[in-house]
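Worksheet: one structure, shown below.
FYI, it's all coordinate maths here, none of it is from the lab. Because the structure is a prediction, the values reported are computed rather than measured. Every residue, glycine among them, receives a Cβ derived from its backbone with ideal geometry; neighbour counts consider all protein chains shown.
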Amino acid sequence: MQHESEAEHGHDLPDPPDAQADRAFMRLALDQAQNAWLLGEVPVGAVLVREGRVLATGYNRPVGDSDPTAHAEIVALRQAANLMGNYRLPGCTLYVTLEPCAMCAMALLHARVQRVVFGAFDPKTGAGGSVLNLFAESRLNHHAQLHGGVEAAACGALLQEFFRERRRLGAQARARDAEAADAADAADAADAADEVPRSPTQEGIEVSHLDQPGEEFDD
Ligand SMILES: [Zn+2]
C-alpha cells in the first residue's frame, strides 16, 4: 500500500486539504478498517499521507498483537516513522475512520503530524472534540489541524455492522452450547447409570473489546 500512485488507484487525488481528496483518502482508510474486520478486530483503519501520496497504512489490531497500543493511528505512525527514519512526521496528514482516542491524539501531536482527518465521531472516547479536544488544548504546546466527519456515515456503518455480526455469531455460539447441554441432559436422563461426557462450554467469540475504539457502536 505504500507509495501508491494515483494511476494505481484509479483516483484523481489533488493535494489536500481538499474535500474530494479527503474523501478519497478516507475510503483508503476504510479499506484498512476492512482488514481489521477480516482478523476479527474492531474495524478502524488509518492512512498517513504526505504530498498527496500514501506513506503508511494501519489498522486496529490490539487483540491479535496482544498490544493495547495497536490502534490504527499508532500502527500507521510507527510504519511511517520507521520508513522515514524519523520519529517526527511534519507535513503529513493522518486519515482515520474513527475519532482518535487520547492516546492516539497525543501520539499524533508528538509526531508533529500537520493535519488529522477522521470519519465517525466517538462519543465515548473521542479526543477530537467528543469527550475532550486535545488538538485544541492551549496548555499543550503542539497543535494539529483537525477535521472530523469525513465519510462519517460509511465509517460508522462499518463499525455497527461489525458489532451486529459479532452479536449474531455470539448468539449462535450460545445457542449451540445450549443445544449441546440439552442433549447431554437428555442422555443423562435416559441412562443415568452411564457417564455422558459433556461438550466443553465454548467461549465463542465473545472476545473482550473493552477499552477498544468503537465500543459505542456496540449498541
Ligand atoms: Zn486510539
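In plain terms, the chain from Q34 to D177 could stretch by 48.5 nm, reckoned as 0.36 nm per residue minus the Cα-Cα distance.
Extension gain, D18 to N141: 0.36 nm times the residue separation minus the Cα-Cα distance gives 41.6 nm. Going toward the positive end of the dipole of region 81-178, with +1 on Lys and Arg Cβ and -1 on Asp and Glu Cβ, which of V150, Q160, Y95 do you reach last? Of the candidates, Q160 comes out farthest on the positive side. Packing-based ranking of 169-180, 140-151 yields 140-151, 169-180, ordered from highest to lowest mean Cβ neighbour count within 10 Å.
The amide H of L146, built 1.01 Å from its N in the peptide plane, has V116 as neighbours under 5 Å, considering only residues 5 or more places off or on other chains.
Report the label-to-label distance for A102 and E161 in nanometres (one decimal), using points 7 Å from each Cα along the Cα→Cβ vector. Modelled inter-label distance: 3.3 nm. Each peptide in 96-105, 46-55 receives the mean, over its residues, of other Cβ atoms within 10 Å, and ordering these scores from highest gives 96-105, 46-55.
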